[in-house]
Structure formats: structure tokens, C-alpha cells
Protein chains: 2
Amino acid sequence: MLTRKGEQTRSRIVAGAADEIRERGVDEFRLEDVMARTRTSKSQLFHYFPDGKEQLLLAVARHEADRVLADQQPMLGDLTTWESWHRWRDRVVERYREQGTDCPMSIVLGHAGRRTPGAQAVVTGLMSRWQEALATGVRHMQAAGEMNPELDPGRAAAGLLAGVQGGVLFLLTIGDTGHLEAALDLGLGAMRSQRNDS
Amino acid sequence: MLTRKGEQTRSRIVAGAADEIRERGVDEFRLEDVMARTRTSKSQLFHYFPDGKEQLLLAVARHEADRVLADQQPMLGDLTTWESWHRWRDRVVERYREQGTDCPMSIVLGHAGRRTPGAQAVVTGLMSRWQEALATGVRHMQAAGEMNPELDPGRAAAGLLAGVQGGVLFLLTIGDTGHLEAALDLGLGAMRSQRNDS
DNA sequence: CCATTTTTGGACCCGCCAGTCCAAACCCAC
DNA sequence: GTGGGTTTGGACTGGCGGGTCCAAAAATGG
């Protein structure tokens, strides 16, 4: 069992580990640094995460995955007007601009995400919830006659989401939100257009 | 200086290292594995790459960066008709589908790309050449009256490229080209549309 | 052939860091 | 308080793997 104190320690470790990853990246992620930052000892780490580093990384991934979508609310859950789509767009840009050059999720996605099935599941789950929220928004707009009715909602959401991920990747690499904004605007532009001529 | 034999050994090492990264990822990249695969010894590695692992990784990055654009030719250099844009699109999808679950560039981009300025430069250079090729194509099409004249060519290219990168990221993570195709189609759709109503 | 330079083999070193272990401190229920 | 648990400290281990080194083999060039 876990007492209240244990609970606190555990979450302090997860939060500290998340910060550590944000600052140094997964490659440079050392248990020792987490210990120093959170004022805990080896035995504590392995007490709360018996499977060690991998399990801790997974806990961090879950922790961060929740934040990603939460930070986009309430816009993401109510994409029923063009105004809310644009507010969502701005929020995404803002969120990632703040987070700057490090996004724990994207990192996990590129690394552990490929390896361990657990982390893979976390990432996949996050992405499918995200995509579904976008697709729901597309359907709403189409029903209201405000969005290109020829679009397949799921496919459009997938394309837009890919743009966001790619944009974040550019942000992480060159530290500029330009590509992220361009991808969002291009994607929204495609959705807005009422007809194609090809 | 480098004799012919030395040249051969050196490129054998780079090629072997690239394969190794493709198969196991950067995290699992061990000099020992490269040695085994290329039948070379430690002293050879450090003879041709005195700065060790980092320098070898950089050489691999350069090697792969060249391939990325070369594999998109001749389409990428001649985006003057819708037909060539679509052939380019198909080529990109095809190329990455073949490459499957591992793309040395995307990996380097996420990892070393952030750390060493050298790798950063390689990635940035690749992306800007890529983006410029796309932008040139957009300008051509606009001049021919075949593409939405309101688009900023550079910005549209940036958005499309972000979509490609994000799509590849999805491919690497979940092993499916759906997002890549969706992003390309969404981006091309935005370019194709002749007018917006907002 | 000889001298010089390049190429190669592989043993060795060493730092780093995940993971183990034991015993002490602490908390809580009864 | 006393006996069960949980929580904590921190020393220790072990291996992995990057990097060093020396000396032998092979090429090169005159």
C-alpha cells in the first residue's frame, strides 16, 4: 500500500522527472539527476518504480499525455465555430511556444515510443483521442455547412494532426513556431475552402 | 591522406552505421555493432573518425540527408504541373513506406539534431533546401494560374513540409502511411483551392 | 628493395550509471 | 508501547561501451 506521504513522494518524483526530461532530453535523462532534483534516494526510486527507469519514463509519459490535451481545452472540445477553431489554433501555437525547445511527448514518441509497447500505447492513445476530437469538430462544421463537405473528417483530422506534430518537430529543432503556424493555417485553409477544381 | 583502400573502408563504415541506425535506432547505436557489421576494428573507426561516435553520426547524417532529396528527384525539381506534384506526392509516400519504421534523418533530427551544432546544421540545411524546392514549385504553379494566388509560397511550402515530417513521425510510430498521405492531400488541397470564403 | 606513411588488430582502461541490498527511521493501528 | 507495515539513506556492484594505445601488416613511392 501507499500512505499519503508515499503518494506525495511518488508524484514528486514523476513531476521532477518530467522537468528533467524537458530540460535535458531523454538521452541525458539520469536517475541521479532526478534524485538530486527531488531530494530522494535510489531506494525510493526503486521502491516506487520497481522496474526502474523504464517504468518511471512510462509514468512521465502518461503524466504528460494528459496535460497535452488538457492544455487545449476548452477549445478542443468545442470546435463548433470558426472562431473556436482559430482560438484552438492560437492556443496550440502558444502552448508549444511556451514549452519551447522541449516537449516530453514528442521525445518519448521518437524514442521509447518505438521500443516499449507500453509507451507506444500511451502515444497512440493520446494521438487517437486528439484526432477524434478534431474529427468531431470537422463533422460539426460540415453539418453546419461551414466546412468543405467533401472532406473525410477522420482523414482531414489526421492530416491536420500530422501538420501539428511536424510543426512541433521543427520548433524543437530550430526553435521557431513558423512551420507549426504554417501547417495549421494550411490545414485550416483546406478545410475552409468550399470547392476544389480538380 | 586517404588511399583508395582507406576510402573504401571509410565509406563501408558510414554505410554500415547508417544501416545499423535504420535497424535499431540511434539509442541502440553501438560502435561495436558497426564494427561487427562492417568487419572493422576499433582502431579503424577511430582512425577515420578521430572524434569518435559523434563524428560518425554526423557523417551518417550527411550521407542520409543527400539521399532524402535525391530520392525525390526528378519530381521535386520540376513541380510545374499538377501531374508532377501528384507524382512527387506518390514518390514521397512510396519512399517512406519502403523505408518502413526507421528514418535516420528523423531520428537524428530528434536527437543529435538538438545537441550538436553540426548535426543541427545538416538538418536545417536539408529542410531549407527541401522547403525551397517546394516553394519554387508553388511559384511556378501560381505564375501559370494553376494554384491559389493568395498563398505565400514559402509559408505554404513550410506548412506542407511540416505535414510531411509529422506524417513520417506517425509512420515511424504506428507503422502506417495514413497520416502522411492525409497531410499531403490536405496540404495539396489547400493549394489547389482557388478561393477562400473567410 | 628500402623508407615512410597508411591501415589494421585487438588488448586494455576507465567512467558512468542502472540496479541491488541491508539496515535504520518512521508511521500507524491496536 | 509494541509490532506490523512503509519509507528512507546510502554504500556497493557490475557491466556496458566509448575511447586509448602500441605494435604489426600492408600499401605507397622512389
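What the table below lists for this structure:
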item	result
Segment A:168-193, subset within 15 Å of A:Trp130 (Cβ to Cβ) and without any contact (Cβ under 8 Å) to a residue 60 or more places away in the chain, residue farthest from the other protein chains (Cβ to nearest Cβ)	A:Gly187
Residue match in segment A:88-108 (condition: over 15 Å from the mean Cα position of the chain (by Cα), more than 27 Å from A:Arg12 (Cβ to Cβ) and modelled with pLDDT of 90 or more)	yes
Filtered residue count, segment B:146-167, keeping only those that are touching a Phe, Trp or Tyr at 6+ places or on another chain (Cβ under 8 Å) and more than 8 Å from chain A (Cβ to nearest Cβ)	1
Selection status of B:Asp19, open to solvent by 50 Å² or more (accessible area, probe 1.4 Å), under 19 Å from the mean Cα position of the chain (by Cα) and more than 21 Å from B:Val164 (Cβ to Cβ)	yes
Yes/no for A:Asp19 being among the acidic types (Asp, Glu) and outside any loop (DSSP other than H, G, I, E, B)	yes
Residue within segment B:23-41 that is at pLDDT below 90 and near DNA strand D (Cβ under 8 Å from one of its atoms) present	yes
All positions within segment B:29-83 that are within 14 Å of another protein chain (Cβ to nearest Cβ) and either within 12 Å of DNA strand C (Cβ to nearest atom) or open to solvent by less than 40 Å² (accessible area, probe 1.4 Å) (or both)	B:Phe29, B:Leu57, B:Ala61, B:Ala65, B:Trp82
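The values are calculated or read from the model by the stated rules, or taken from the named source; none is laboratory data. What you see is a predicted model, and the numbers here were worked out from it, not measured in a lab. Note that each Cβ is placed from the backbone with ideal geometry, even for glycine, and that neighbours are counted across all protein chains shown. To get the accessible areas, we keep the full protein, side chains included, count just its heavy atoms, and leave off ligands, DNA and RNA. Shrake-Rupley method; radii C 1.70, N 1.55, O 1.52, S 1.80 Å.
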